[in-house]
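Working notes for the structure below.
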Protein chains: 2
Amino acid sequence: MSGHGQAAWELLLPAAGAPARRRGRALQEALREAVRSGRLTAGTRLPSTRALAADLGVSRGLVTEAYEQLTAEGYLRSDRGAGTWVGDAARATHARGDARGPVAGARARGDAHGPAAGARARAGSGPGAGAGARPRGAAGRGAGRSEVRVDFHPGTPDLSLFPRAAWSGAQRAVLARLTHPALGYPDPRGLPELREALAGMLTRRRGVVADPERLVVCSGVAQASTLLGFVLRARGLDAVGIEDPGSPEHGRLFASTGLGTVWLPLDEEGLMPEPLAASGVRAVVVTPSHQFPSGISWSAERRAALLGWARAVDGYVLEDDYDGDFRYDRAPVGALQGLDPERVVYAGSVSKSLAPGLRLGWMLVPEDLVDEVVERKRTMDLGNPVLDQAVLAEFVTRGGYDRQLRRCQRAYRERRDVLLAALAEHLPGTRVSGIAAGLHVIARVPGRYGPPERFLARAAEAGVALRPLEEYGTARPGDGDVRLVIGYAHLSPSAVTAGIRLVAEAVGRD
Amino acid sequence: MSGHGQAAWELLLPAAGAPARRRGRALQEALREAVRSGRLTAGTRLPSTRALAADLGVSRGLVTEAYEQLTAEGYLRSDRGAGTWVGDAARATHARGDARGPVAGARARGDAHGPAAGARARAGSGPGAGAGARPRGAAGRGAGRSEVRVDFHPGTPDLSLFPRAAWSGAQRAVLARLTHPALGYPDPRGLPELREALAGMLTRRRGVVADPERLVVCSGVAQASTLLGFVLRARGLDAVGIEDPGSPEHGRLFASTGLGTVWLPLDEEGLMPEPLAASGVRAVVVTPSHQFPSGISWSAERRAALLGWARAVDGYVLEDDYDGDFRYDRAPVGALQGLDPERVVYAGSVSKSLAPGLRLGWMLVPEDLVDEVVERKRTMDLGNPVLDQAVLAEFVTRGGYDRQLRRCQRAYRERRDVLLAALAEHLPGTRVSGIAAGLHVIARVPGRYGPPERFLARAAEAGVALRPLEEYGTARPGDGDVRLVIGYAHLSPSAVTAGIRLVAEAVGRD
């Protein structure tokens, strides 16, 4: 087991006798942790999958899967045929030392990039929904005055999947169990038992560094954005970069904190490094696991490049993990935060997995920012309501949350398949892009079905609300194709099919 | 029924056959409404209690009580022996017209008073609790290292009175009843059924103008302060006046919105008009029904003077009705907001009546500000969680909330009586000031029990946490007496007695 550099391979050993799935997960977690802690340093060459499998007494497929997963996440890098190395994207969790630099100095450095010009800051143009709220004009552009029969707006889960009976039972249990003092003014960071439960769940499911001490319960990703916005504004930042295409809602939220937003162009791998560097911003909001709305998963290179940029400008990254739990073809890519918990603010919520009406979410905050975020949370609302927090803790620790995710996953995967089949049947030639994940797809309908304006108008007249991709960014390709952001999760499979058929009939006639 | 000016007295007629208590309330509401609507104009002389009682066919006592109540609230004024008139404090709800002035002009006028000087703004000095959160060092000043056996901190209700079974039942009912869409992103103003229920309850109990359209559900008075603070800051204000003595917590909340705070001196009737006028502020936070912490109820004159000031400077008043439901000797004085709903932002919560951990409250907002407040609420958290909102609506409409208030009222009245008796027995000579209301008293312990520092230290050594009045304002009388803010509501009667006895023993020995 020696001979592979200084790495203590024995530490990676999953519990013997555990089921293969758990051993695979344990191997991945151990590898991530070894990279983060610096036990596996950048440039270390990993043993071949065959050798490590033999060493550990596990199947080779399990090791291959672990290497692939961590390569996708940016912890490892591999050259086809030439082996796998430890990458340099991950920042050791407990060893930032002098490289970190004081905030004051950092600010001065930031200024050297020049402040984001007012002219470049276009806060929240367009009525898009995105990871946050549904747009106010809910029927969507071009819906006209027709009655909406099928509304393909993205961002809302199927609310009929909310586990009412289980939630009600957990509420009853919680009210019977909570102490009297627990009903008093809450801890603004969140109920300790929930922070503990979420830290465990997020470490396991999303590969993050989730110390309960840096976990702040908040009322969702929207509030996480506002909290972080106020903190960054108080530190002298004046703009935040957002992905283009992306969620204009972020722009509105940051505007409320006094921050402008700058659209930053995206390609098929993630944020493009040069425009990012040239923008002058020192904070960005990104959706690397499943980019909203384009549907791509950021490449490992771009994940690493983003973190490199953040360190260079002493900046921060807000990772909006709005639907990271829903991947249908493989295990979800681990969150960016795991690679550098001191540069990435990770935010998620139960809005897609349970219900947006619960207004319950979480942030993992760099140590450097956590006191300021908590004080902001305190002055904003003194902390989240305790009963729902206690119910969610119960739900997570007793397995109800995992069950709910599996249930949603099955339902949404089916609906996505149904949508793809309906598009293939009724609007042949339509190309769907993005990974098999989430609650929406990007569909590019060829120009032969009519120019975009007419296509949308016809669909609206037929009672189908569709949202063009243009609402989520600045791109205007002008090639005559219709690019749509189609949310399917809240619709029954038959409604999905009926909606696409209605569109096809509407755009077909003349 | 004519002969009493142009007033349509018949409109005041309570339903015949209704129980006396309800007829009395109906008469009061009708009188308030007649003054507000302008049907009874300022200066109109009211019929004698005898004449009106005869006209309406009710007892004279009922009319006398109504006149007294509305005089205390500022709607009427009376000269002993010379009759009762309609006062000029109330502003007709729907008839502000040109007198209102556009915001821009108003801002310019405000500037003429001069901005609050930085030197005068002392945001949140002192660790006080007040209407908001309990202070972080919960054991109180002087508690030293002794174990705290009795903690007389003010501001927390008895959490064992929380109606767990009834709340749990309402939760179950709500989860069985709510539609699926109700679990989606909430209305940032609050659940319509809750706003409807609260508007009715507040009109009935607190004499406010509570149109559901101007009611905003929020997470408590702390968030109401922050929401209003951001809105006023965006309108160009830079400081808010707070009562001295008062709640330093308000200072911390406003500081988070960029507003300074200015202490404004209080006497035994309310805010003193001259320092208020000289301060240059255009917004104040007040607790007129039961001033925190002094315990006075503002006089009708000062209520009128405050509204007169607000109109003159085009300003706003935040009425923190933190414990307006708990009055033990008579009906609570109606809220200030009823007199001028376009100048007063009324804020209340369930923190004292149910539990602070619910983080559930409400604001009544002038029409002029409501859109800005709602947009702030939206960017802060998208709206309150829906399940607790639905449960509270159920509770209010089915009588559970009134039952809970009666239950707390009985318990707290008894504890207050027990506290007063214990002070009289164990620390004779102690004077308790303030009205019979709320969850705390102000006690002035004569200097013969030792100088304040020693008194507090001795109490702390004996395991009793006490808070000096000094923590809540700038006054330092230096007369050797010990002024205490004693919260009793969260303690059992026996703990109240034991705590005072411990203090007496501790300060008695030498």
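General observations
- The selection criterion, being within 12 Å of chain A (Cβ to nearest Cβ), aliphatic (A, V, I, L, M), closer than 18 Å to A:LEU183 by Cα and touching a residue at least 40 places away in the same chain (Cβ under 8 Å), does not hold for B:LEU382.
- The residues of the range A:493-502 that are closer than 24 Å to A:ASP323 by Cβ and either over 30 Å from the mean Cα position of the chain (by Cα) or touching a residue at least 12 places away in the same chain (Cβ under 8 Å) (or both), listed by number, are A:PRO493, A:ALA495, A:VAL496, A:THR497, A:GLY499, A:ILE500.
- Of the residues examined, A:VAL208 is one that is touching a strand residue (DSSP E or B) at 6+ places or on another chain (Cβ under 8 Å), away from chain B (no Cβ under 14 Å) and either among the hydrophobic types (A, V, I, L, M, F, W, C) or not in a helix (DSSP H, G or I) (or both).
- Of all residues making up the range B:16-58, the number that are of a type in the set (Ser, Thr, Tyr) and either more than 28 Å from the chain's Cα centre (by Cα) or over 15 Å from B:TYR75 (Cβ atoms) (or both): 3
- Candidate set: the range B:185-195, residues that are more than 7 Å from every other protein chain (Cβ to nearest Cβ) and part of a loop (DSSP other than H, G, I, E, B); chosen: the one farthest from the chain's Cα centre (by Cα): B:ASP187
- Listed by first and then second residue, the pairs linking a residue in the range A:314-333 that is touching a residue at least 24 places away in the same chain (Cβ under 8 Å) and closer than 12 Å to A:SER351 by Cβ to a residue that is of a type outside the set (Ser, Thr, Tyr) and assigned to a loop (DSSP other than H, G, I, E, B), with Cβ atoms under 6 Å apart and 6 or more places separating them unless they lie on different chains, are A:ASP320/A:ALA131; A:ASP321/A:ALA335; A:TYR322/A:ALA131; A:ASP323/A:HIS290; A:ASP323/A:LYS352; A:ASP323/A:GLY438; A:ASP323/A:LEU439.
- Breaking point among (1) surrounded by fewer than 24 Cβ atoms within 10 Å (Cβ to Cβ); (2) closer than 13 Å to A:MET363 by Cα; (3) among the small types (Gly, Ala, Ser), for A:ALA197: (2)
- Any chance A:ARG415 is touching a strand residue (DSSP E or B) at 6+ places or on another chain (Cβ under 9 Å), of a type outside the set (A, V, I, L, M) and either at pLDDT 95 or above or not in a loop (DSSP other than H, G, I, E, B) (or both): no
- Residue check, B:PRO154 within 26 Å of the chain's Cα centre (by Cα) and away from chain A (no Cβ under 11 Å): yes
- Checking A:ALA166, A:ALA182, A:ALA173 one by one, the residue that is touching a residue at least 40 places away in the same chain (Cβ under 8 Å), among the small types (Gly, Ala, Ser) and facing chain B (nearest Cβ under 8 Å) is A:ALA182 and no other.
- Qualifying residue in the range A:426-434 (condition: within 25 Å of B:PRO181 (Cα to Cα) and in contact with a helix residue (DSSP H, G or I) (Cβ under 6 Å, 6 or more places away or on another chain)): no
- A:ILE242 meets each of the listed conditions (1) facing another protein chain (nearest Cβ under 9 Å); (2) buried (at least 23 other Cβ atoms within 10 Å of the Cβ); (3) aliphatic (A, V, I, L, M); (4) without any contact (Cβ under 8 Å) to a residue 60 or more places away in the chain apart from (1).
- Filtered by the rule that a residue be in contact with a strand residue (DSSP E or B) (Cβ under 8 Å, 6 or more places away or on another chain) and over 30 Å from A:VAL370 (Cβ atoms), the range A:150-190 gives A:VAL150, A:ASP151, A:PHE152, A:HIS153, A:PRO154, A:THR156.
- Hits in the range B:196-205 (condition: small (Gly, Ala, Ser) and either within 13 Å of chain A (Cβ to nearest Cβ) or touching a strand residue (DSSP E or B) at 6+ places or on another chain (Cβ under 7 Å) (or both)): B:ALA199
- Counted residues, the range B:388-403 - those being within 14 Å of another protein chain (Cβ to nearest Cβ) and out of contact with any Leu (no Cβ under 7 Å at 6 or more places or on another chain): 3
- Among (1) out of contact with any Phe, Trp or Tyr (no Cβ under 9 Å at 6 or more places or on another chain); (2) surrounded by fewer than 18 Cβ atoms within 10 Å (Cβ to Cβ) - the single one A:THR474 does not satisfy: (1)
- Just one of the listed residues (A:VAL485, A:VAL496) is surrounded by 22 or more Cβ atoms within 10 Å (Cβ to Cβ) and either in a helix (DSSP H, G or I) or basic (Lys, Arg) (or both), namely A:VAL496.
- Within the range B:440-467, the set of residues being outside any loop (DSSP other than H, G, I, E, B) and among the small types (Gly, Ala, Ser) comprises B:ALA443, B:GLY447, B:ALA457, B:ALA459, B:ALA460, B:ALA465.
- If the condition is being at pLDDT 95 or above and in contact with a helix residue (DSSP H, G or I) (Cβ under 6 Å, 6 or more places away or on another chain), then the range B:450-459 contributes B:PHE455, B:ARG458, B:ALA459.
The values are calculated or read from the model by the stated rules, or taken from the named source; none is laboratory data. What you see is a predicted model, and the numbers here were worked out from it, not measured in a lab. So basically every Cβ, Gly included, is an ideal-geometry build from the backbone, and we count neighbours across all protein chains shown.
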